[in-house]
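Note sheet for the following structure.
Since every read-out is calculated from the coordinates, none of them should be taken as a lab result. Because the structure is a prediction, the values reported are computed rather than measured. Cβ placement follows ideal geometry from the backbone for every residue including glycine, while neighbour counts extend to all protein chains displayed.
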Amino acid sequence: GTLMLRAPSAGSVPGSALDQSLQARLEQIRSGSLEYARTTDQSRRLGHLLALEDYPLLVLGSADLDAGLTSWKVFLTFAGAVWLAFSAGSYVVVRRLEAQHRREQDALAMYDELFEHAADAIFLVAAEADGQSFRYVSANRSLAESTGLPLEQLVGSRPQDVLPADVAAMVSRHYAECFESGRIVRFSHEFVLPGGTRTWRMVLTPIRRPGGGPIERIIGIGRDVTEERTLNERLAGITANLPGFVYQLMYDPADQRFTYVYAGDSLNEFIGLSPQDVLADADLLLGRIHPDDVDEVIASSLAHAEQGKPWRAVFRVQHSDGRMIWVEARDVPRRLPDGRTLWTGYANDITALKQLEEALAQREEIFRNFVENANDIIYSVSPEGMLTYVSPNWRELLGQDPAEALGSNIADYVHPDDLPACMQFLHEVVTNGQKRQGIEYRVRHANGDWRWHSSNASPHFDAEGQIDGLNGIARDVTDRHRVEEEIRHMAHHDTLTGLPNRALFSEMLEQACRVANRHPDQRLALMFVDLDRFKPVNDEHGHAVGDLLLAEVAGRITAALRDADIAARIGGDEFVIMLHQVNSATDALLVAEKLRAALDQPFMISELSLDISSSIGLALYPDDAATPQELMLHADQAMYAAKNAGRNTVRRYTRTDDSALPA
């Protein structure tokens with residue numbers, strides 16, 4: 001129990017005796033650990049004993065127990081904090097990985113859904129033996145439905161296993177071309193299918209390994225274009241039998257060059273040139289225009305295209321047999337996105353005017369069947385109408401960043417008038433769980449325009465088999481709507497002035513008379529306007545100047561009227577005007593006199609100062625007539641009375657005018 005050595009030497013010194021209680025415990029524990037109280041300050045110590053062999057000595061190493069526990073507490077606290085931080089970070093990472101996995105699963109499910117329900121036939125081809133043979137590894141339902149080949153028979157087979165030998169050899173050549181060149185390959189072919197012979201347009205796209213590796217797969221997309229080809233053949237057959245010829249003329253401002261895109265087969269009979277020659281060199285036809293007419297023809301055509309107006313011209317063209325024939329040409333310009341201009345029109349010998357109406361009807365039929373092949377938008381929508389996915393074509397077709405569309409409602413883009421139908425369409429797909437197609441609606445473009453879209457959609461199912469939205473494909477059909485609207489407009493308006501024609505005006509007059517019958521305190525006035533000295537202008541300066549003059553006359557008439565009043569051209573140099581809600585004959589005569597004065601001013605047409613005037617006949621309803629037909633007759637009679645009175649005057653109908661009409 002005697003202390004032999006202590007380090008450090010503070011406190012007890014060598015040679016001193018230990019506390020008896022400690023000494024007793026040391027004798028009991030020859031080795032191991034013990035807890036004791038230090039003699040000097042009674043602080044708790046923790047010691048460890050070690051007996052030295054061959055020596056009657058014990059070595060005791062000790063430390064302050066409270067300080068040790070404090071450091072351990074700090075250490076354990078720090079370790080716990082680190083563990084908690086690590087656990088929290090691990091939890092966030094795991095949640096993110098879980099969300100990413102879920103998104104990837106949803107995307108794969110969406111792609112599978114689109115693949116299966118796409119209207120086009122889609123298939124995947126694997127290259128074998130370094131592109132010497134090919135095998136079908138996947139295909140969608142549209143391929144099976146359109147070809148009659150069961151998927152279980154097609155998938156896993158080679159072309160020669162499921163297709164006729166000549167067809168298999170042909171498609172294998174195209175597969176090999178796509179595989180070897182690494183480029184997209186397009187081709188069309190007729191296939192004999194269970195439903196008959198069909199024409200297909202095919203697009204083959206090579207698929208490489210990630211990172212630019214070798215080509216391993218070829219994805220093919222096919223579309224049945226039988227009806228489109230049949231329609232083109234039918235149109236070609238129709239235009240080939242027309243007395244004139246239909247054409248499409250393209251102008252590229254970059255090289256200031258004209259190119260015929262299309263020329264009807266009747267061109268050979270019409271001018272003595274084959275369509276193939278004209279398509280190769282437009283100057284063969286344009287060079288036949290008479291030298292005195294060519295500058296005016298080209299200048300006026302470009303001017304109308306710049307204004308977006310229909311174009312009409314009468315000029316001379318030399319036939320291949322040497323004859324100089326007069327040609328009337330009418331066309332409609334359209335500005336293409338790349339800056340080029342496309343005219344679609346019809347040319348005919350002006351001696352066949354009676355046949356021109358049928359020719360124009362055929363041209364309208366051509367416009368009606370023009371279908372613009374636009375890129376499609378693929379999208380996903382939640383049951384509440386929230387956009388959850390839009391393809392990159394969203395930017396090209398609507399001018400907006402696809403990322404900005406995600407999370408927004410379709411109500412932010414669909415026209416308010418079309419939104420109820422779209423929401424009903426969405427509800428039916430989600431409720432019935434069946435594919436729907438054919439809905440058309442307007443979508444707002446980034447520039448503020450409204451674009452017409454036609455959409456097909458199918459329900460999207462979550463992992464539990466519940467419908468959580470729909471996947472759709474939208475196609476831009478704005479051009480088709482525009483053509484239909486133009487055709488409707490052409491059927492009811494004069495092509496030269498843009499005013500309503502006789503048929504439309506008669507309908508509007510009938511309706512206005514019915515409204516006037518319900519308001520006996522107000523009258524309806526009808527004016528017949530006939531231009532004085534117009535025929536000499538037409539004879540002296542030609543029909544082109546005459547047409548421009550008529551267009552200017554229509555502009556002055558419109559400018560002199562109220563917005564509610566209606567003007568129409570009913571033929572030649574005759575116009576009719578209907579005034580609504582006229583209080584008295586005096587008010588109507590004031591308008592008529594204002595119009596007469598406006599038409600009595602000189603017209604500047606093609607650097608010519610032309611002087612004409614007008615004879616105006618006026619009749620009121622129901623004062624001067626009991627029916628719309630009688631009102632038209634009496635206004636016409638009043639106009640002839642004005643002419644007989646010396647022209648350039650206004651005359652209201654009186655009973656003495658009943659014999660004013662010429663025999």
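Around the amide H of SER408, modelled in the peptide plane, lie the amide H atoms of LEU387, all under 5 Å away and 5 or more residues distant in sequence or on another chain.
Find the all-direction average of the projected area of the Cα convex hull for the range 425-537, expressing the result in square nanometres with one decimal place.
Reported value for the Cα convex hull: 14.3 nm².
Principal axis analysis of the Cα atoms in the range 408-488 yields extents of 49, 25, 18 Å, listed in decreasing size.
P(r) tail, the range 501-628: Cα-Cα pairs separated by more than 24 Å, 30% of all pairs.
Would you mind counting up the charge near LEU579? Only other residues with Cβ under 9 Å from its Cβ, with Lys and Arg at +1 and Asp and Glu at -1. My count for the surroundings of LEU579 gives 0. Extension gain, VAL59 to LYS535: 0.36 nm times the residue separation minus the Cα-Cα distance gives 157.5 nm.
With 0.36 nm allotted per residue and the present C-alpha distance subtracted, the GLN160-ASP462 stretch has 104.8 nm of extension available. Would you please state the base-10 log of I(q)/I(0) at q = 0.15, 0.18, 0.20 1/Å for the range 556-661, with intensities from the Debye formula using one equal scatterer on every alpha carbon? Taking Cα atoms of the range 556-661 as identical point scatterers yields -0.63, -0.89, -1.10.
Normalised by 2.2 N^0.38 Å, with N the number of residues, the alpha-carbon radius of gyration of the range 559-599 equals 1.18. Summing Lys and Arg as +1 and Asp and Glu as -1 over all other residues whose Cβ lies under 14 Å from the Cβ of PRO602 gives a net charge of -3. What's the whole-number percent of alpha carbon pairs in the range 289-336 lying beyond 16 angstrom? It works out to 42 percent of all Cα pairs.
Over all pairs of different C-alpha atoms, the range 258-314 has a mean inverse distance whose reciprocal, the Kirkwood radius, equals 12.4 Å. For the range 481-545, the alpha carbon positions stretch 49, 39, 13 Å along the principal axes, listed from largest to smallest. When only alpha carbons are used to place a centre, the range 612-640 and the range 390-416 end up 56 Å from one another.
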